[in-house]
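Have a look at the structure below, then the notes.
The values are calculated or read from the model by the stated rules, or taken from the named source; none is laboratory data. A quick note: this is a predicted structure, and the numbers were derived from the prediction, not measured. Cβ placement follows ideal geometry from the backbone for every residue including glycine, while neighbour counts extend to all protein chains displayed. These area figures cover heavy atoms from the full protein model, side chains too; ligands, DNA and RNA do not enter into them. Shrake-Rupley method; radii C 1.70, N 1.55, O 1.52, S 1.80 Å.
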Amino acid sequence: MNLERLPNEEKLSLCRKYYLGGFAFLPFLWLVNVVWFFREAFMKPAYTEQLQIKTYVKRSALGLLLWVAVLTTWITIFQHFRAEWGEVGDYLSFTIPLGTP
Amino acid sequence: RDSPIDLYCYCGNSALHNKITSESLYRELWSIKVVDICPNLNVVFFCFAGVNCNSVEKKIYVNLNYTIPCVRLLNATHQIGCQSSLSGDVGVLHVLESEENLDWVLSSGQTPPYMVILESALFTRYSDLKQSIMMKLKEGSSRVAGVVVVAPSTNPPEGFSPHHACPNENSGVYSDSYDPALAHCNATLWNPLGSGLSYEEFDFPIFSLKEDNDTQVIRQCYQEHNRGGNGSNPQYPLCAMQLFSHMSAVTDTATCMRRNDINFSLSPEMVCDPLGDYNVWAATRPLNTTTKGHKMFESVVIAAARLDSRSFFFDVAPGAESAATGFIALLAAAHALRNVTQAAQPNRTILYTFFQGETFDYIGSSRMVYEMMNNQSVVDLDNIHSVLEVGQVGLRPDSKLWLHSDPVSRRNDSVNQELVENLRLAAGTTGVLVDEPSTSQPLPPSSFQRFLRARPIPGVVIENHDSRFSNRYYESMFDNAEYLNVTYPPNLTPEEQFEQPLEIAKALTEVATTVARALYVQAGGSESQLDSINADPQIVSQMLYGFLVRSNNSWFQQVVPSELASHLGESQSSEPTLLVQYLLANLTGSVVNVTQEDCQKQREHEKDEDSNYMWVQGAANGTVRESFCVRSTVHLSKALSPAFDLREYTSQDYSTWTESRWKSIKGRIFLVASPDLEKLTLGVGVGVLLASLFLTYIISSKADILFSSGREPATATY
C-alpha cells in the first residue's frame, strides 16, 4: 500500500489501528507504525490529521522503546544466568544448545 | 528382533551394554547418512565444471581410519572425560618425543594451539598424576587443541592404572556408619598404582590411535612440514589435525536426565543414557520365575563374578585379569558341577550370577540386591544362604588364593566359618594353596559388598592378592591377553591357537575346580562326590582364547544363535554379556530334541516355564549348520541402577553414572596456510564481490547511455 495515494482520514485511521493493535503485546506493530508514518508525522507539510498522527507515532515509539528495554534486560539476564538457574533455566528454555551447561 | 536384548554390536565400553551400544550404532548409521549427503551436493556444484566430485575433499583431508575417543561420563556431581567443540578442534601437529619437548607446546611454540601426538610411554609413565604430562597439558589447555595417544604394542613394565586408587570408594559397604576405620580404603589401599586419570575432566579431545598407516602418515606429515631446520620456527603451510568428539551432555546426571525429558522443543533430543546392561544368572535347579519374592524352603548359595571393566578410552576394556579370569573360572566351575548337581543334587540351589557394570559403583549387583529387597527377583535376601565371589584369580606360579571375608561380620559373629572351611577343604583336594588375609583387613572391592550393605550375609571373596591388587594394570588398556600370558607361537592358524593348551589355563582350572568343589559342599553335597568334580582345562584355554583374543572361533560359533554369530569378530569382544549367557547355557544346560519352532516357543512341556530354551546354530557340517535347541536355567536380569527407576539422580546409595551421546567421532589431517595468506584470500574475495556490485550498479544506472544503439529498444516489441 502506498501512503501517498491515501486520503488523510484513512492515514489517520490506519495509524490508529496500528497504535491500538500494538497494545495486544505486539510491539512489532508499533515498530511498523513508527517507521511507516514517520515521514507523515514529522516531514510532511502540516494538515489537519497530522497532529493526531504525530501523537500516535510518538506513543508507539515510546511503547516500542519500553519493549526493547524490557526485552534486552530480560534476554541479558536470562543468557547470563540460565546455567546458574539449573532446573528453572532449562524449563524456561525452548531449545537448549547441546553440550553447554 | 525378538530377543529382549537385541544388541550384538561390539562397540561399547564393556561396562556399557546393549542399550548404549545400540544407540551408538544408530548414531553411526545416522552420521553415515549425513556424510552421504555431502558428496551429492558436491556433484551438484562441481560436476557442471567437469570436476571429479569427491576428490576436492580427498585432496584436502586425510581421514584417520581407526580412532578411539575418550568420551564424557557423568554422575551425580561431576562430569569426566573429554570433548571437542561442535565443529571439531583444530591444532598444528606436534609429535612429543620427550618430556622436555613439552615446553614448545606450553609456551615457546609460535603457532598455538597444538595437537599433541603422545607416544604411549609419555602417556603412562609418571609416579604422581600432578606431575604427569596429561595434567600439564590439561593446565595449559588454552594452547592445546587435543591429544592423540599412540597405543603401544607392549605393556609398560612399570605398571599403569588410570582408575581410582580406591575403586568404588563410596558405594561399597564400608562407610562412616558401617566401620569408619575401614571406610575410604583407610585400612588397605587396593589399587595403589591407580592415578585417577580416567576420572579427570579434559576440555580438549583425546584420541587413541593404533600404530599403523595412520600414524605413519601423521609422522611423515609432521617431519615434512612442522620441523623447522636447526630449531628455527617452521614455515607455513603446517600440518594440522582436526578432531571431532562433541558431547551432548554436560554438568551432571541430574541435568542431562532432565534435558532428556524436556521435549517441548521442535526436535527433542536425548543427551545421555544411563549405563546399564544385563546380569546373567543360572541356577542348578529351575527356579520358578513367574512368582517373585520369597520362596519357601529354598536356600541358595550365590556364586558371583563380574563381567565388566573399563579403561581411559571408549571401546577399550580388555579386563583380562580384573574380570575375565573370574568369570571364566566361574563358567568352568559351573560346567564341572553340571553332571554332579543333576545326579546327586545337593539340598541347596547354587545360583551362578555374572554382574555387569560393577566398575561404575556396582550397577549390576546393586540392582539385583534392590530387586531381592523389593520382591522383584526370583528369590529374596532371606533365601540366600551364603555368597562366594570369584574375583581376580589369574594365578602366577607359586602364588596363593586368598579368601577375603568381612571383619565386621566376623566380629559380630553372624558369620560362621563354614564357607572358609569348605574352601580350605576343597583346596586341600585340588592342591591349590589358600590362605586368609589378616583378620582386620576389609573386603576388597567386590559385588558381595552390596549384599553386605543390605544384610549381614555370610560370604567369601576369592582373590589372587593378599592386600593390594597384584594386577598392575587394573582397569587399563594393558590388562589384556598379553598380561595374562595368553600368547601363541606366531605360526599357528586361529583354529590351532584355539586348540592350544595354555599354561595359565592350568592354574585357572585348578581354581575353578576348587570353587566348584567348595560350592558343592557348601550347597550340602556329599564330600564323597568331590573327586568327580573337575573343571576341564581345555575349555578354560578355549574360553581364554575366545574372550581375550578372538571371539570368532568354532566353539563360540556353535553355541550362539545365528544373529549373534555374525557379530563375532577377529578381536576380543568388548560385549561379553551375551557370549557368557550362551556359554553358560551350553555349559550347564542340555540339548533337547525339538524343532526350531517349539524351541522358540519355549515349551517342551506346557508346565516347564522356568527353563530357558535357546536355538543355537551348532557345528558346521559342510555348508549347513546342525542347529539345535538348548534347555538351561540361564536368564538375564536388568543391570540398570535403581537410581534411574527411582528417578533419584543425586542418589548416594546407587550408581548414577550416565554416558553422554555424541553425533560424530572422527579425525583428519590437512595442511593449513598461514593466517596472513588466509586473510589475504578472504580480503581479495570480498574486494572482488564489492567491485562487481559497484560495477553492476554503475552499468545498470547508465544503461540507457551505454546500450543506446541505433536499433529499436527491445521493449518496443512487447
To the nearest 20 debye, region B:212-284 has a Cα-centred charge dipole, built from +1 on Lys and Arg Cβ and -1 on Asp and Glu Cβ, of 280 debye
Using the structure shown, list the pairs from B:506/B:666; B:295/B:638; B:292/B:601; B:130/B:506 with a Cα-Cα distance above 32 Å, or answer none.
B:506/B:666; B:130/B:506
Less than 17 Å apart at the alpha-carbon level, and either on another chain or at least 8 residues along: which aspartates and glutamates does that give for residue B:59?
B:214
For a quick check of understanding: with a 1.4 angstrom probe and all protein chains in place, what accessible area in square angstrom does residue A:76 have, to the nearest ten?
90 Å²
For peptide B:658-668, what's the mean number of Cβ atoms from other chains within 10 Å of each residue's Cβ?
1
Could you order B:298, B:475 by accessible surface area, starting with the largest, using a probe radius of 1.4 Å?
B:298, B:475
For region B:157-272 the mean separation of alpha carbon contacts under 8 Å (6+ apart) over residue count, i.e. relative contact order in percent, is 18 percent
Roughly how crowded by other chains is peptide B:255-264, in terms of the mean Cβ count from those chains within 10 Å of each of its Cβ atoms?
3
For the Cα atoms of chain B, what angle does the longest principal axis make with the long axis of helix B:675-701, in degrees from 0 to 90, nearest 10?
50 degrees
Total charge of the residues flanking residue B:227 in space, meaning their Cβ is under 12 Å from its Cβ, with Lys and Arg +1 and Asp and Glu -1, is -1
Starting from region B:492-547, pick out the GluC sites (Glu not before Pro) whose DSSP state is loop and whose Cβ has at most 15 other Cβ atoms within 10 Å.
none
On protein heavy atoms with a 1.4 Å probe, the accessible surface that disappears when B meets A, both sides summed and given to 100 Å², is 1200 Å²
List the lysines whose Cα sits under 22 Å from the Cα of residue A:44, skipping any in the same chain fewer than 8 residues away.
A:11, A:17, A:54, A:58
Residue A:53 neighbourhood, Cβ < 15 Å, K/R = +1, D/E = -1, net charge +3
To the nearest 10 square angstrom, how much accessible area does residue B:125 have with a 1.4 angstrom probe?
150 Å²
Averaged over the residues of A:92-98, the number of partner chain Cβ atoms within 10 Å of each residue's own Cβ comes to 6
Name the chymotrypsin sites (Phe, Trp or Tyr not before Pro) in region B:253-345 that are in a loop by DSSP and that have at most 11 other C-beta atoms within 10 Å, would you?
B:264, B:297
When only DSSP loop residues count, what GluC sites (Glu not before Pro) in region B:626-684 have their Cβ near at most 12 other Cβ atoms within 10 Å?
B:626
Just to make sure I understand: if all protein chains stay in place, what is the order of B:135, B:296 by accessible area at 1.4 Å, largest first?
B:296, B:135
Report residue B:261's accessible area, 1.4 Å probe, all protein chains in place, as a number in Å² to the nearest 10.
80 Å²
If Lys and Arg each add +1 and Asp and Glu each add -1, what is the summed charge of the other residues whose beta carbon sits under 13 Å from the beta carbon of residue B:155?
-2
Descending packing, highest mean Cβ count within 10 Å first, for B:243-254, B:155-166, B:66-77 is B:243-254, B:66-77, B:155-166
